[in-house]
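Engineer: Before I ask anything, here is the structure I am working with.
The values are calculated or read from the model by the stated rules, or taken from the named source; none is laboratory data. Note that the structure is predicted; figures quoted are calculated from it, not measured. When we count neighbours, we look across all protein chains shown, and the Cβ atoms used for this are built from the backbone with ideal geometry, even at glycine. Remember, those area values only see protein heavy atoms, side chains included, never the ligands or the DNA or RNA. Shrake-Rupley method; radii C 1.70, N 1.55, O 1.52, S 1.80 Å.
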Amino acid sequence: MQSILSLSQVSKTYDSGHKALDHVDLEIGRGEIFALLGPNGAGKTTLISIICGIVTPSTGTILVDGHDAIRQPREARSRIGLVPQELSVDMFETVMATVRFSRGLFGRAPNQAVLDQVLKDLSLWDKRNAKIMELSGGMKRRVLIAKALAHEPDILFLDEPTAGVDVSLRRDMWKLIGKLRERGVTIILTTHYIEEAEEMADRVGVINKGQLLLVEEKNALMQKLGKREMDLSLVEPLGAVPPELAEWQLTLVDEGHRLRYTFDAQAERTGIPSLLRKLSDLGITFKDLDTSKSSLEDIFVDLVERRESSNEGAAA
Ligand SMILES: Nc1ncnc2c1ncn2[C@@H]1O[C@H](COP(=O)(O)OP(=O)(O)OP(=O)(O)O)[C@@H](O)[C@H]1O
């Protein structure tokens, strides 16, 4: 993976004393789509703001396409397009004037052909002479992306690109992001929507309380999603999984009252019939059976909760 963005040991403690980022290491490959997932207050915006030079880190280094974001902020920032959560445009300006102004901000020479192409790519060409206030909510969001792309950045940050938009607009947004990737733009998006990460990302990072808990290929995560769990509520609790059941992946939960079998739902043979036969042979009876599929959401909640309980354990 050829790295376009490299973060090493980045931490941020705000003046209030709040530690918003805690030793974050992250490499982003050129041309990939990376989704950063995390609950409210996890540190996502802080991380993006640091990379974009809006917030100064307390420690750590950030290289943007080889440029140090702290020592060479202009060079680093010019490689980045930032699509913020909030609308930040002059409502009385036209679409074309808005994107032209953005390009100028980065010291890029005027280039009408680039601006025309950006507006065409974002289906805003017909609206190029309309004032921002005359546009629908979805169009206004696309203007924010057009503004971020006007200076031809290599990396595009989208801070919650589809927060509060309806389902069809969200799908349009996903298509658009796919199109931008085909043009070679590296895309980093933050999201609360697990399905957004599932749909688009090559890799997913999970952040909570300023710590990057996991960075993984989406497909590897999806394989974990293919796992199912079957819980058997036992009539008599067990102290340990009997050795005769070693060939199945079993764990005891709920103080031995439930036997949990984790299996690959996509496998041709799940191993359930033979497990049930074996249990019957061993005289282990159950009163109820329950199956569940683990989703990226479960993995996420599990990660966040597990980390929280281990922190509590450490603090105790
Ligand atoms: N300027 C600031 N001064 C003090 N604390 C701040 C400041 N900005 C953010 N924080 C705190 O840092 C933590 C991380 O905030 P951040 O905005 O990075 O989270 P986020 O993951 O983007 O959340 P959301 O999903 O709600 O946008 C929060 O507890 C927030 O209150």
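Engineer: Does Leu82 satisfy the condition of being open to solvent by 20 Å² or more (accessible area, probe 1.4 Å) and assigned to a strand (DSSP E or B)? Walk me through it before giving the result.
Structural biologist: Working: open to solvent by 20 Å² or more (accessible area, probe 1.4 Å): yes; assigned to a strand (DSSP E or B): yes.
Answer is yes for this residue.
Engineer: Sticking with this structure for a sec: Just to be sure I understand the filter: pairs with C-beta atoms under 9 Å, separated by 6 or more residues or on different chains, first member in the range 109-128 and in contact (Cβ under 8 Å) with a residue 24 or more places away in the chain, second member of a type in the set (D, E, K, R) and assigned to a loop (DSSP other than H, G, I, E, B). Which pairs pass?
Structural biologist: Within 9 Å, the pairs are Val114/Arg108; Val114/Glu152; Leu115/Arg128; Val118/Glu152; Leu119/Arg128; Asp121/Arg183.
Engineer: Right, next: Which residues, counting only those in the range 39-69, are within 20 Å of Arg79 (Cβ to Cβ), loosely packed, with under 15 Cβ neighbours inside 10 Å and within 12 Å of the ligand (Cβ to nearest atom)?
Structural biologist: Hits for the range 39-69 are Ile54, Thr56.
Engineer: Right, here's the next one. Give the residues of the range 88-107 that are more than 13 Å from Ala148 (Cβ to Cβ) and in contact (Cβ under 8 Å) with a residue 12 or more places away in the chain, sorted by residue number. Don't jump to the end; show me each part of the working.
Structural biologist: As a first pass, look at the range 88-107 and keep what is more than 13 Å from Ala148 (Cβ to Cβ): 90-97, 100, 104, 107.
Once the filter is applied, which keeps residues that are more than 13 Å from Ala148 (Cβ to Cβ) and in contact (Cβ under 8 Å) with a residue 12 or more places away in the chain, the range 88-107 yields Asp90, Met91, Phe92, Glu93, Thr94, Val95, Met96, Arg100, Gly107.
Engineer: Related question: Restricting to the range 184-201, give me the number of residues that are in a loop (DSSP other than H, G, I, E, B), open to solvent by 50 Å² or more (accessible area, probe 1.4 Å) and either modelled with pLDDT of 90 or more or farther than 22 Å from Cys52 by Cα (or both). Lay out the reasoning, then the answer.
Structural biologist: Taking the range 184-201 first, the residues in a loop (DSSP other than H, G, I, E, B) are 184-185, 192-193, 201.
Pick out the ones that are also open to solvent by 50 Å² or more (accessible area, probe 1.4 Å) and you get 192-193.
Now drop any that are not either modelled with pLDDT of 90 or more or farther than 22 Å from Cys52 by Cα (or both), which leaves 193.
Residues meeting the conditions: 1.
Engineer: If the Cβ limit is 9 Å and pairs must be 6+ apart or interchain, which residue in the range 30-45 that is basic (Lys, Arg) pairs with which residue that is within 6 Å of the ligand (Cβ to nearest atom) and open to solvent by less than 20 Å² (accessible area, probe 1.4 Å)?
Structural biologist: Short answer, once both residue conditions are applied: Lys44/Gly38.
Engineer: Right, something else. Can you name the residue in the range 9-38 that is surrounded by 15 or more Cβ atoms within 10 Å (Cβ to Cβ) and within 7 Å of the ligand (Cβ to nearest atom) and, of all such residues, is nearest to the chain's Cα centre (by Cα)?
Structural biologist: Per the criteria, the residue is Gly38.
Engineer: Let me ask another. Please enumerate the residues belonging to the range 195-218 that are over 15 Å from Leu158 (Cα atoms) and of a type in the set (A, V, I, L, M, F, W, C).
Structural biologist: Val206, Ile207, Leu212, Leu213, Leu214, Val215
Engineer: I need every pair where a residue in the range 142-167 that is under 19 Å from Leu124 (Cα atoms) and more than 16 Å from the ligand (Cβ to nearest atom) has its Cβ under 9 Å from the Cβ of a residue that is among the aromatic types (Phe, Trp, Tyr) and at pLDDT 90 or above, sequence separation at least 6 or different chains.
Structural biologist: What qualifies is Lys147/Phe101; Ala148/Phe157; Ala150/Phe101.
Engineer: Looking only at residues in the range 85-123 that are small (Gly, Ala, Ser) and outside any loop (DSSP other than H, G, I, E, B), which one is surrounded by the most Cβ atoms within 10 Å (Cβ to Cβ)? Working first, answer last.
Structural biologist: Filtering the range 85-123 for residues small (Gly, Ala, Ser) gives 88, 97, 102, 104, 107, 109, 113, 123.
Pick out the ones that are also outside any loop (DSSP other than H, G, I, E, B) and you get 97, 102, 104, 113.
Details: Ala97: 15, Ser102: 22, Gly104: 13, Ala113: 7.
Of everything passing the filter in the range 85-123, Ser102 is surrounded by the most Cβ atoms within 10 Å (Cβ to Cβ).
Engineer: If Ser6 meets every condition in (1) without any contact (Cβ under 8 Å) to a residue 60 or more places away in the chain; (2) surrounded by 22 or more Cβ atoms within 10 Å (Cβ to Cβ); (3) in a strand (DSSP E or B); (4) among the small types (Gly, Ala, Ser) apart from one, which number is that one?
Structural biologist: Status for Ser6: all satisfied but (2).
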